[in-house]
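Peer 1: Below is the structure I would like to discuss, written out as structure tokens.
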Amino acid sequence: MAALALPAHPARAQDDPAKAKKELERIQKELKGVKKKAKETAKKERSVLDDIDRMDRSLARKRKELAVAQKNLDSVTGSISATEAGMRETRHKLGGKKSDLAGRLTAMYKTGKAGGNWVVLLSGDPNSMLKRYKYLSVMSGRDKRMMDDYSGALDTLQAQRERLANQKASYEKLKTRRDSEARKVQAEEVNKKTLLASIKKQKASYLAMQKELEDSGSRMKELIRRLEAAAKARPVTPGPVTGRLKSGLEWPVAGKVISRFGKQKHPEYDTFIYKKGIELQAKLGESVHAVDAAEVVFADWFKGLGLVAILQHGGDFYTVYAHLSDVKVRTGDKVARGQDIASVGDTGAPSGPSLYFEIRKGSDAVDPLTYLKPR
């Protein structure tokens with residue numbers, strides 16, 4: 001019986017270096033694709049508030065850089081105005097000195113035609129001649145001073161012209177820098193508005209953001225608890241008298257209430273959220289005032305609320321000021337009722353410049369409108 005002819009065993013990849021290399025390249029390509037998809041997925045699932053927070057911090061930095069550039073420009077503008085005013089004064093003085101000098105030269109010319117100073121000096125008795133000599137000496141000194149004053153005024157004017165030229169050159173450089181910073185701020189503001197508009201149009205993104213904002217309220221509660229514990233542990237330091245908050249408090253800003261405390265319904269998505277404070281409409285940069293005497297216990301960024309200041313009052317009361325553009329006080333400062341503590345901003349604010357304001361009794365939020373002065 002003839003033996004069956006079996007086919008040769010196919011070559012395995014590990015036995016063929018060329019095939020092994022191809023296989024490795026294929027696996028690496030697939031891994032690269034998987035990593036790319038994972039990265040894209042992670043980016044899509046990234047926190048909406050994280051995106052807003054990063055954008056707010058970047059925008060805050062750019063606004064500070066713009067403010068510095070504008071301050072430098074204003075300083076040079078003031079210097080230019082001062083130099084121009086000095087030049088006008090120098091020209092006025094120069095005009096008077098020139099007129100005096102012209103009159104004196106005319107007088108000297110006329111005296112010269114009549115025989116000059118020597119004729120005046122040599123006529124008459126010796127006593128009269130001595131007096132006239134002294135007079136001419138005084139006149140000669142006065143003439144020299146007049147010439148020196150006129151020459152000095154010309155030098156001053158030339159120095160002022162050079163200073164003005166340098167100041168104007170500096171102004172142009174600073175203006176270019178200021179305009180560049182302004183464009184960066186405008187571009188960043190457009191990016192933020194575009195992001196917020198996109199979020200509002202997509203129900204899933206909007207609801208995710210609102211859920212995160214509610215979580216921010218819980219994190220604020222936890223922060224207040226930690227601040228309470230820290231307050232009990234530290235010694236009392238002197239400062240404005242802080243008492244239990246009562247009704248009739250000053251408003252932190254004058255803007256109208258655009259979002260109230262408590263349960264809120266979205267007009268389009270038919271969903272509910274719970275607000276721990278109120279939102280007040282205000283202009284960007286408007287001053288924010290302490291509603292009562294207090295101690296500053298927090299002044300920093302807080303995810304979901306932007307730049308935040310928290311004041312501690314007596315009776316375990318706290319006031320929270322959020323969406324700020326800057327804070328003018330530091331942790332540990334004592335502030336008086338009505339004191340300017342910050343500026344209105346749009347950090348963490350989904351609806352543009354505004355002030356978010358909370359009052360908490362301990363760590364629990366209460367309706368601020370029951371404590372603020374009636375309008």
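Peer 1: Give the residues of the stretch 51-92 that are among the β-branched types (V, I, T) and within 15 Å of G306 (Cα to Cα), sorted by residue number. Spell out how you get there, then give the answer.
Peer 2: The first filter runs over the stretch 51-92 and keeps only residues among the β-branched types (V, I, T), leaving 52, 68, 76-77, 80, 83, 90.
Across the stretch 51-92, the qualifying residue is only I52.
Peer 1: What residue, among those in the stretch 251-265 that are under 14 Å from A365 (Cβ atoms) and of a type in the set (D, E, K, R), is farthest from the chain's Cα centre (by Cα)?
Peer 2: In this case the residue turns out to be K263.
Peer 1: Still on this structure, I have one more. Within the stretch 305-324, restricting attention to residues that are at positive phi and either surrounded by 24 or more Cβ atoms within 10 Å (Cβ to Cβ) or under 20 Å from the mean Cα position of the chain (by Cα) (or both), which residue is modelled with the lowest pLDDT? Don't jump to the end; show me each part of the working.
Peer 2: In the first step, residues of the stretch 305-324 are kept if they are at positive phi; the result is 306, 315-316, 323.
When the remaining residues are screened for being either surrounded by 24 or more Cβ atoms within 10 Å (Cβ to Cβ) or under 20 Å from the mean Cα position of the chain (by Cα) (or both), the result is 306, 323.
On the way: G306: 87, H323: 92.
Looking at residues that are at positive phi and either surrounded by 24 or more Cβ atoms within 10 Å (Cβ to Cβ) or under 20 Å from the mean Cα position of the chain (by Cα) (or both), I get G306.
Peer 1: For the stretch 340-354, give me each residue that is crowded, with 17+ Cβ neighbours inside 10 Å and more than 16 Å from the chain's Cα centre (by Cα).
Peer 2: Going residue by residue through the stretch 340-354, those that are crowded, with 17+ Cβ neighbours inside 10 Å are 341-350, 353-354.
Passing the criteria: G348, A349, P350, S354.
Peer 1: Could you check, for the stretch 267-276, whether at least one of its residues is surrounded by fewer than 18 Cβ atoms within 10 Å (Cβ to Cβ) and within 29 Å of the chain's Cα centre (by Cα)?
Peer 2: Within the stretch 267-276 (the criterion being surrounded by fewer than 18 Cβ atoms within 10 Å (Cβ to Cβ) and within 29 Å of the chain's Cα centre (by Cα)), the answer is no, since none of the residues qualifies.
Peer 1: Of the residues that make up the stretch 325-334, is at least one within 25 Å of the chain's Cα centre (by Cα) and at pLDDT below 90?
Peer 2: First, pick out the residues of the stretch 325-334 that are within 25 Å of the chain's Cα centre (by Cα): 325-334.
Add one more test, that the residue is at pLDDT below 90, and what stays is none.
No, the stretch 325-334 contains no residue that is within 25 Å of the chain's Cα centre (by Cα) and at pLDDT below 90.
The values are calculated or read from the model by the stated rules, or taken from the named source; none is laboratory data. As the structure is a prediction and not an experimental result, all values here were calculated from the model. As a convention, Cβ positions derive from the backbone with ideal geometry for all residues, glycine included, and neighbour counts pool all protein chains shown.
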